[in-house]
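The values are calculated or read from the model by the stated rules, or taken from the named source; none is laboratory data. Treat the numbers as computed from the prediction; the structure is a model and nothing was measured. No Cβ is skipped: glycine too gets one built from the backbone with ideal geometry, and neighbour counts run over all protein chains shown. Surface accessibility is based on the protein's heavy atoms, side chains included, excluding ligands, DNA and RNA. Shrake-Rupley method; radii C 1.70, N 1.55, O 1.52, S 1.80 Å.
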Amino acid sequence: MLELRDITKKYAIGAFRQTALDGVTLNFRRHEFVAILGPSGSGKTTLLNMIGGLDRYDAGDIRIDGKSTRDFKDRDWDRYRNHAVGFVFQNYNLISHVSVLANVEIGLTLSGMSPNEKRQRSLELLERVGLSDHVHKKPNQLSGGQMQRVAIARALANDPDIILADEPTGAIDSETSHQILRLIQEIAKDKLVIMVTHDDAMASTYASRVVDLKDGRIAHDSDPYDLQEERRGRLSYKRTAMAFWQALKLSFSNLRTKKFRTAITAFAGSIGIVGVGLVLSLANGLNREIDRLEQTTLSTFPLQIDRLAFNIDVIRAQGGGPPRRLEGETYERRPDNEEIYPYALPPFEAEHLNDLSSEYLTYLQGLDQGLYHEMTIRYAVDMHLYHTLPSGVDTRLSTGGVNFAPTLSDPDFFFDNYDLLGGRAPDGIDELVLVVDAYNRLDSAIINAFGLSAEVDAYGFDAFLGKTFELIMLDDRFLYDDDSGRFVPITDVDTLMQQPDNITLTIVGIARSSEDAVADLLSTGLKHHPELTNTVIEHAKQSEIGAAQQAASVDVVSGIPIDDSIKRNQLQRWGVDPVPRQILIYPVDFEAKRAITDYLDAYNEDKEDADRVLYTDLAAIVTNLTSDVIDGVSYVLIAFSSISLVVSSVMIGIITYVSVLERTKEIGILRSLGARKRDISRVFNAETALIGFFAGVSGVAVAYALTFPINALIDRLVDDINRMAVMPLPAVFALVAISVLLTTIAGLIPSRIAARKDPVAALRVD
Ligand code: ADP
Ligand code: MG
């Protein structure tokens, strides 16, 4: 059944070529016990390795059941080894980190039996070699004879046709040797056993045929075999393959024997994961806090629609500010230049003029009133206020200086956000309220505008309560001059303050931003009734000067020619043709704000860019900007911690390489059992994947554990922030996956090195 024809094998040792086998021709019977005798170095082991397909012959042919092996691929040899051959080595070659039972099972593993079948068959074999009581021991807990029995049981596992034994009793005492040989003799009854030995007596006692080898040649054959009687059969072996699950089990048991190293490696691998995990947790927690802030505290911050809006996206893209120079124009500095060049600066692209037309205001009236507390429309109408200073002098009040603006029209909303400190709540258009900040402070500029000294430590409420101001209507500020046809401004303050249409405004209350106010909705200063502006506008619209100005192409006060835009401006400031300067909408809550912005967006939907009305969501700008900053910082931090990920991956690669070196013997054994190269790399890939998994899981666990002290610390240091670090769930899975992926990649090179090891050389390693 097995024919060796003129087999030659040479080894190259530097320039020198050592002939190990020199034209060996040998035929074997289907069942016989052949002993190969010969002095050391005569080529016995080489011959056995050729027959077992562990090594390749240089010339000649080995025919199995009449089929040549010359065209055998690696894969064919792997199958052949797994199904047709069982090896028994002098030094047993057991895998030390798994049990006796598992050692026997490994050969079966490669042939794809079910776990139950494997266990059953392995137990039977161990019973046959007399080791039933030792199946769960590790190999190093057995004697030499017992270990060799395990090796024999393993060799028999796949019920091979050929058993190859290389000096199986070489390391065993003579008493035990006889037992082992009797066992082999028993096996040889229905198998071909080829045993290498240098013990003449043993060979002649037990073997049915003795072949003498000398210098790589057959010196004598006690019972040569004539091939003709052999019936030709067919070669067909099942595919051998190790399931990934099996590779994982093997790696796991190996890692278990090296707990400390595995722990250290996994720890090293986990450092980067901890870093990235913490950064992700912090970024996630912070963004959540900011969202919470936006939803609660900032939600009632008003949405602001300004006549002159800024497109924040354009500002961000351009860096802000109008261009200093016009594109394409060159400016020359000539000392003798005596000309002046008019030029028009192009409009600042980020500037957007919102057309707050009556059409738009009507659209706003359509907004569900339940969505907002308040909608304030502020007009760009000049208010002329006069008052008597404490010194007794009458003078005009700088409305800009005291932040003269409408208060909130809804009293409930006002008192949700403001406490009344003194006086009473304003009621009616002629009553004013003075708003101070949370610490009862008032800007010195405002104090000065009232004609008071800011050097004084504190003022009593009575310095302000009851104070009155005269609001002068447009027509009352001018006198028509028949001669010139112009309107002359009245400059005499006493006359102005006594005009019949004046409205006398009185400060009746002092209010302060309340402690649980969501925001300082009104700035500090003097606040008037929202309807007051309308009264001024009504007067202006019916004024003589207003009508005159509308009809004229000159400034009716100065008589200077004016263009349309200046005229329009004049009419706006006077209130004759008022245009809203700003609209403020105070949403009731975050959801309402969404609904309002959706409504505002809907207006712009089918409009040209220029006709759109842009609004400002100050709260969103703040939170978006902060989120952007957090994201940016997170990326940088993640990049830094990724460096440690890479470093630990390289380290894991190195450690895997060390493991490859250590497990060289195991690689040889697996190969002798029929494992493919791919199976070997699988074992190591499984090992690095396992380490990566441990590293990932422990890294995420440590990062998660660290979020608690970090949160406790931040809670102490910062008000208003509950949980700064929150590990996002997707990150948990992503980080473990990344860890497994990185370590597996790191282990690819060492695992390839392992797979490429020469099985014969690997088996020789101790
Ligand atoms: P035996 O098993 O009979 O002691 P071997 O088959 O191991 O002898 O070796 C036969 C000859 O081939 C020896 O001279 C040995 O040095 C040489 N040899 C065997 N394997 C190798 C190898 N991998 N590289 C170089 N020389 C080798
Ligand atoms: Mg040898």
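Per 0.36 nm of contour for each residue apart, how much would the distance between ALA620 and SER253 grow if the chain were fully extended, relative to their Cα-Cα spacing? Don't jump to the answer; show the numbers that get you there.
Values: separation 367, 0.36 × 367 = 132.12 nm, distance 5.58 nm.
So the chain would gain 126.5 nm between ALA620 and SER253.
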### Query
By how many degrees, 0 to 90 and rounded to 10, does the Cα axis of helix 618-662 deviate from the longest principal axis of the chain?
10
### Summary
In nm, the gap between the two label points placed 7 Å beyond Cα toward Cβ at SER222 and THR205 is 1.3
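By its C-alpha gyration tensor, with a ≥ b ≥ c as the square roots of the eigenvalues, how is the chain shaped: rounded for a/c under 1.5, else prolate for a/b larger than b/c, else oblate? Walk me through the numbers before you get to the answer.
Numbers: a/c = 5.02, a/b = 3.64, b/c = 1.38.
The shape class here is prolate.
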### Query
Accessible area per residue of segment 476-612 at 1.4 Å probe, in Å²?
51
### Task
Send over a whole-number figure in Å² for the accessible area per residue of segment 2-239, probe 1.4 Å.
45
### Summary
Placing each pseudo-label 7 Å from Cα in the direction of the beta carbon, ASP6 and SER523 end up separated by a distance in nanometres of 10.8
### Summary
Length-normalised contact order of segment 2-239, Cα under 8 Å, at least 6 apart, in percent, tallies to 32
## Note on the structure
Hits in segment 19-33: amide N under 11 Å from the 7 Å Cα→Cβ extension of ASP58, namely 19-23
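May I ask you to list the GluC sites (Glu not before Pro) in segment 418-502 that are in a DSSP loop and have at most 10 other Cβ atoms within 10 Å of their Cβ? Write out the running numbers ahead of the final one.
On the way: sites: GLU431, GLU455, GLU470; in loops: GLU455.
Sites meeting the loop and neighbour criteria: GLU455.
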### Query
Exactly which chymotrypsin sites (Phe, Trp or Tyr not before Pro) in segment 373-440 are in a DSSP loop and have at most 10 other Cβ atoms within 10 Å?
TYR439
### Sites TYR480 and ASP611, calculated FRET efficiency, Cβ-Cβ separation with R0 35 Å, nearest 0.05
0.30
### Approximate spin-label separation ASP555-GLN295, in nm, with each point projected 7 Å along Cα-to-Cβ
5.5
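Per residue of the chain, what 222 nm ellipticity follows from adding -39500 (n - 2.57) for every DSSP H run with n ≥ 4, rounded to the nearest 500? Don't jump to the answer; show the numbers that get you there.
Working: 23 runs with 333 residues, N = 766.
One gets -14000 deg cm²/dmol as the mean residue ellipticity at 222 nm.
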#### Entry: Partners for LYS10 among aspartates and glutamates (Cα-Cα distance below 18 Å; same-chain residues under 8 apart left out)
ASP22, ASP55, ASP58, ASP61, ASP215, ASP758
### Query
How much of the accessible area of the chain, in percent, comes from carbon and sulfur atoms when a 1.4 Å probe is used?
52
### Summary
Treating only Lys and Arg (+1) and Asp and Glu (-1) as charged, each at its beta carbon, one finds that the chain has a dipole about its Cα centre, in Debye to the nearest 20, of 8740
### Query
Given the C-alpha centroids of segment 367-395 and segment 10-30, what is the distance between them in whole angstrom?
110
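What percent does the relative contact order of segment 381-562 come to when contacts are Cα pairs within less than 8 Å and at least six residues apart?
Values: 305 pairs, mean separation 65.4, N = 182.
For segment 381-562, the relative contact order is 36 percent.
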### Summary
Mean Cβ-within-10 Å packing, highest first, puts peptides 707-717, 693-703, 565-575, 139-149 in the order 693-703, 139-149, 565-575, 707-717
## Note on the structure
A chain fully extended from ASN604 to MET651 at 0.36 nm per residue, minus the present Cα-Cα distance, gains in nm 11.1 nm
### Message
Taking 22 Å as R0, compute the FRET efficiency from the Cβ-Cβ separation of TYR439 and VAL718 and round it to 0.05.
### Response
0.50
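For HIS198 and ASP457 in one chain, what is 0.36 nm times their gap in residues minus the Cα-Cα distance, to one decimal in nm?
Numbers: separation 259, 0.36 × 259 = 93.24 nm, distance 11.47 nm.
Gain on extension, HIS198 to ASP457, equals 81.8 nm.
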#### Entry: Cα-centre dipole for segment 2-239 with unit charges at Cβ (Lys and Arg positive, Asp and Glu negative), debye to 20
860
### Task
Measure nothing but the geometry: give the 0 to 90° angle between the long axis through the Cα atoms of 74-84 and the longest principal axis through the Cα atoms of the chain, rounded to 10°.
60
